[in-house]
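Below is one structure; the comments refer to it alone.
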Amino acid sequence: MSLKLEIEGVMLNVVSGYAPQVGCELGEKERFWSELDEVMESIPTGERVVIGADFNGHVGEGNAGDEEVMGKFGVKERNLEGQMVVDFAKRMDMGVVNTYFQKREEHRVTYKSGGRRTQVDYILCRRGNLKEISDCKVVVGESVARQHRMVVCRMTLMVCKTKRSKKEIEKKTKWWKLKKEECCEEFRQKLRQALGGQVVLPDDWETTAEVIRETGKKVLGVSSGRRKEDKETWWWNEEVQDSVQRKRLAKKKWDMDRTEENRQEYKELQRRVKREVSKAKQKAYDELYTRLDTRKGEKDLYRLARQRDRDGKDVQQVRVIKDRDGRELTNLEKAYDRVPREELWYCMRKSGVAEKYVRVVQDMYERCRTVVRCAVGQTEEFKVEVGLHQGSALSPFLFAIVMDQLSEEVRQESPWTMMFADDIVICSESREQVEENLERWRFALERRGMKVSRSKTEYMCVNEREGSGTVRLQGEEVKKVQEFKYLGSTVQSNGESGKEVKKRVQAGWNGWRKVSGVLCDRKISARIKGKVYRTVVRPAMLYGLETVSLRKRQESELEVAELKMLRFSLGVTRLDRIRNEYIRGTAHVGRLGDKVREARLRWFGHVQRRESENIGRRMLDMELPGRRQRGRPKRRYMDGINEDMNLVASWRLFLSIIQTTHTCFYCGEEEDEEEEEEEEREMERGDAHVLTTSVAQI
């Protein structure tokens, strides 16, 4: 059941539901979640949504790996039904409100019967609106049903009354008119006249630039400086424009002479304009979808996806050293903005940069002034006398030169020291050594004008013993964590990869939502949807997984999320009872596990081809001292590589047997080379060809 409310211009959708109980069949539960997904898809993105339902599931206490959609103040442990709630929140970019507020257990328990006390009733809202939630708790003593308790959520809607700014938008020259040949030719002639007929431009660039700007304003014109109304006119044509003009004239005629004849004429023209607008829009949409289904329309497709996402509105793998190593992640505070100019010139000369290039860079930074531009105009000019230029292609290179020189005395070889821009990782075999190295880095950087960020510096210990402390930086304790994110990948202290897999699933859903306007459009073919999915969504899910040792359960978690995205895109649910193979074949998308295996073997081969001194090669060939702990051994990276190699070898043997049998079946007669090559290509396409055929049969 859903209810739509309008509160001072803000649309609020209240959804209520009751999920099947734990003992019900899986098909009934999937039917409930499919219907709830359809309800959410029908609600526009810009509207508020609050879901209050008895989901009959336990999301559990703690939020390891699911920090984006829930807090850590749940009750007991998570079960399968609770995982469905978390997966739904990830799909729809929502947050479980109950778990964000720290309350006594009595104010978190929503179901109490006999000796059982648990949490099954939840309130969900969009993650972007969590800031409007101020409190959520269970009211003790108030029973809505016999065993259920009332859950109260306090939400303050932020009503933004738009006020037009009195300050006009900056007037801009209409340079886009140069795309027209006649405007371009006129601009060229006027500019030549303004320059006095000179073929060679003057040496003073500021004078030349000013002449070009003034000529552009005179020839091309400037914008009005007023806000542009958001009107959809891309399908507009001359026929529609003529009809609209006739309708306007008829309206003026009727306003001047209120006769029945003039009224009928105006109404007839109004109906005709509506018909012509409808035909023009339909024709334009048909041409658009036809163009999107071609190779030339691919760029338009991705631009359309970005535009729909904009209208609707929110990297390298670091291998863990399996030892009792301290690991420090250090970040420099406002690194680009704090580089002293004199230090920059000194580092460039010390690095061997030619003096003439040093002077060129000095000229670029001399008398540097800038402005800040916003939607309503721009600020006055102000000087920038410290730091590197933001957005300049040369700035990263200059910053790398500075960091190389400043860290020359304290930098160690990889993996004991790893640097990427202003992010530094310091590794050592003991906590004391990490603290000493951190102090050396701090002294080396801060004496030359840089500053180590205390708030962003984190400390992590791998295979930590009980009772070990943290490190200190100038007497201040560094934040100790069990995981940290470096260059887009999550590194855990226990060497596991479960949280990284959850992050990849969440990244996949984030990417899917950005292009959902295209993927969920029924007029776009399944082939195009599959291509968009393979180029936008899947890379976000596979990022960095070629260096991760995945378990079967984690690989299955990724594939389940992928199939849900594909079913959403194709407009089918599990209730339609269509096999996963047919779904993949329709979208021309292979198994995600096969792509992970392919990327893993490709990366392994890339590392094996490197020199023996390469960091990746050294980490791969590293042998740790000591013995493995008792119990089931942890899955290592090389275990996955060996399984992949054995599987590939089995497939090669299988293919060789098929080719031998195929030759014998034709009584020893060899086929033409062209037929053999065609068959090899068919065999390489393999599953996609078979699955496409199967879908066609359906």
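The values are calculated or read from the model by the stated rules, or taken from the named source; none is laboratory data. Nothing here was measured: the structure is a model prediction, and the numbers come from that model. All Cβ positions, glycine included, derive from the backbone under ideal geometry; neighbour counts span all protein chains shown.
Of the conditions (1) closer than 17 Å to residue 408 by Cα; (2) modelled with pLDDT of 80 or more, residue 428 satisfies every one except a single condition; which number is it? Failed condition: (1). Scanning segment 12-30 for residues that are under 17 Å from residue 156 (Cα atoms) and touching a Gly at 6+ places or on another chain (Cβ under 8 Å) gives a single hit, 14. Answer with yes or no whether residue 186 is at pLDDT 85 or above and either under 30 Å from residue 100 (Cα atoms) or not assigned by TED's automatic domain parsing to the domain that holds residue 108 (or both). It is true that residue 186 is at pLDDT 85 or above and either under 30 Å from residue 100 (Cα atoms) or not assigned by TED's automatic domain parsing to the domain that holds residue 108 (or both). Consider segment 91-120 and keep the residues that are assigned to a strand (DSSP E or B) and in contact with a Phe, Trp or Tyr (Cβ under 7 Å, 6 or more places away or on another chain). The one that is surrounded by the most Cβ atoms within 10 Å (Cβ to Cβ) is 96.
Just to verify a result, which residue in segment 145-167, among those that are more than 16 Å from residue 108 (Cβ to Cβ) and surrounded by 13 or more Cβ atoms within 10 Å (Cβ to Cβ), is modelled with the lowest pLDDT? The extreme case among them is 157.
Residue pairs whose Cβ atoms lie under 7 Å apart, separated by 6 or more positions or on different chains, with the first residue in segment 384-406 and on the phi > 0 side of the Ramachandran plot and the second part of a helix (DSSP H, G or I) and acidic (Asp, Glu), are 387/337.
Of all residues in segment 599-620, those that are assigned by TED's automatic domain parsing to the domain that holds residue 640 have Cβ atoms under 7 Å from Cβ atoms of residues that are loosely packed, with under 11 Cβ neighbours inside 10 Å and not in a helix (DSSP H, G or I), 6 or more apart or on another chain, in 617/611. Of 195, 201, all but one fail to be at pLDDT 70 or above and farther than 30 Å from residue 132 by Cα; the exception is 195. Taken together, the residues in segment 412-454 that are within 18 Å of residue 487 (Cα to Cα), of a type in the set (S, T, N, Q) and in a loop (DSSP other than H, G, I, E, B) amount to 2. Got a number for residues in segment 502-529 being surrounded by 18 or more Cβ atoms within 10 Å (Cβ to Cβ) and more than 22 Å from residue 93 (Cα to Cα)? Number satisfying all stated conditions: 3. The set of residues in segment 616-632 that are exposed (fewer than 15 other Cβ atoms within 10 Å of the Cβ) and either under 14 Å from residue 550 (Cα atoms) or of a type in the set (D, E, K, R) (or both) comprises 621, 623, 627, 628, 630, 632.
Consider segment 1-42 and keep the residues that are assigned to a helix (DSSP H, G or I) and touching a strand residue (DSSP E or B) at 6+ places or on another chain (Cβ under 8 Å). The one that is nearest to residue 516 (Cα to Cα) is 40.
Checking each residue in segment 31-67 for being crowded, with 18+ Cβ neighbours inside 10 Å, of a type in the set (Asp, Glu) and over 22 Å from residue 152 (Cβ atoms) picks out only 66. Checked against the criterion of being modelled with pLDDT of 85 or more, β-branched (Val, Ile, Thr) and either in contact with an Asp or Glu (Cβ under 9 Å, 6 or more places away or on another chain) or not in a loop (DSSP other than H, G, I, E, B) (or both), the candidates 657, 578, 583 yield just one match: 583. Would it be correct to say that residue 556 is of a type outside the set (Lys, Arg) and either crowded, with 19+ Cβ neighbours inside 10 Å or not in a helix (DSSP H, G or I) (or both)? It is false that residue 556 is of a type outside the set (Lys, Arg) and either crowded, with 19+ Cβ neighbours inside 10 Å or not in a helix (DSSP H, G or I) (or both). Residues that are within 46 Å of the chain's Cα centre (by Cα) and either at pLDDT 90 or above or of a type outside the set (Lys, Arg) (or both) do not occur anywhere in segment 248-267. Residue count for segment 248-301, restricted to those that are closer than 24 Å to residue 529 by Cβ and among the basic types (Lys, Arg): 6.
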